[in-house]
Amino acid sequence: GDQQAALFGQTCFEAGAVKNTYGTGSFCLMNTGTTAVDSDHGLLTTVAFQLADGEVHYAIEGSIFVTGAAIEWLDNVGLIDDPTETAELARSVDSTDGVYLVPAFSGLGAPHWDGRARGTIVGMSLGTRREHVVRATLEAIAYQTRDVIEAMEADSGIEPAALRVDGGAVKNNFLCQLQADIVRTELLRPAVDETTALGAAYAAGLAVGYWESLEELRSNWRTDAEFEPSMDAKRANRQYARWNDAVERSLEWEH
């Protein structure tokens, strides 16, 4: 229930509210209100929360196997010395110069669900440098999140007004801005990023009367930073379409 607790801690109480937690992998949940949405696009239907004497609220969830672990892989193969330098390296180039990295090191999760997919780097040339590969790795995190959010939109018919994020990777401002650009929606990073613990505390606080209502919890939630899309929409969509081409080349590699 840690992801449901994080959804609650992010005060995603209404249908259409979305949070994404970036850890070794990523877990993206959308509140679908009191309707349990059956996914036709590779997502999981789950219970979000239920208050005492209240109706059950449901969510749809997309599990991404490798996000933060891809940054760890960069360290393991000697492309970076410390995860904190990824933003600086990525900013040092204007683009990946056509390089795409699909971090399917343990297969692909939602919405592809291909356990035989494997990590793939495509588009390299003699001009490819480590900066391009590092930037491609951060972009892959953003693209995988868009994969899940597009599936959520298709299942629910709701376009999220904002994406609330938490987890270690969101300390990277470059990644946060990139994520807002690729998903094409506002990204909100909370002041308290331990949202799983916060969600459990909120639920316990409501139960004992420390807080009286969901509205009071909304008032308690604070934003640390907001990121608005700044990349040209055509460029973002073009890059994302090319990402899908790269994913196709990673599928069913292991036999």
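The values are calculated or read from the model by the stated rules, or taken from the named source; none is laboratory data. A quick note: this is a predicted structure, and the numbers were derived from the prediction, not measured. All Cβ positions, even for glycine, are placed from backbone atoms using ideal geometry, and neighbour counts span all protein chains on display. Just so you know, the surface numbers come from the protein's heavy atoms only, side chains and all, with ligands and any DNA or RNA stripped out. Shrake-Rupley method; radii C 1.70, N 1.55, O 1.52, S 1.80 Å.
Remark: accessible surface ordering of Trp221, Trp113 (largest first) is Trp113, Trp221, probe radius 1.4 Å. Accessible-area rank, largest first, for His57, His255, His132, His112: His255, His112, His57, His132, with all protein chains present and a 1.4 angstrom probe.
Peptides 31-44, 151-164 ordered by packing proxy, namely the average of other Cβ atoms within 10 Å per residue, highest first: 151-164, 31-44.
Look at the alpha carbon pairs under 8 Å that are at least 6 residues apart: their mean separation over the length of the chain gives a relative contact order of 23 percent. When all protein chains stay in place and ligands, DNA and RNA are ignored, the 1.4 Å accessible-area order of Glu139, Glu150, Glu55, largest first, is Glu55, Glu150, Glu139. What is the sum of charges, Lys and Arg at +1 and Asp and Glu at -1, for the other residues whose Cβ falls under 13 Å from the Cβ of Ser230? Taking every other residue near Ser230 into account, the sum is -3.
Sequentially through region 25-41, phi angles give Karplus couplings (6.51, -1.76, 1.60; θ = phi - 60°) of x, 10, 10, 10, 10, 10, 5, 10, x, 8, 9, 7, 7, 7, 7, 9, 10 Hz, Gly and Pro residues having no value and appearing as x. Among the protein heavy atoms, those of Arg222 account for about 140 Å² of accessible surface (1.4 Å probe, every chain in place). Around the Cα centre of the chain, unit charges on the Cβ atoms of Lys, Arg, Asp and Glu (plus for the first two, minus for the last two) sum to a dipole of about 620 debye.
Charged neighbours of Phe13, selected by a Cβ distance under 15 Å, balance to -2 (K, R count +1; D, E count -1).
Accessible surface computed residue by residue for the chain, with neighbouring protein chains in place and a 1.4 Å probe, gives 46 Å² per residue.
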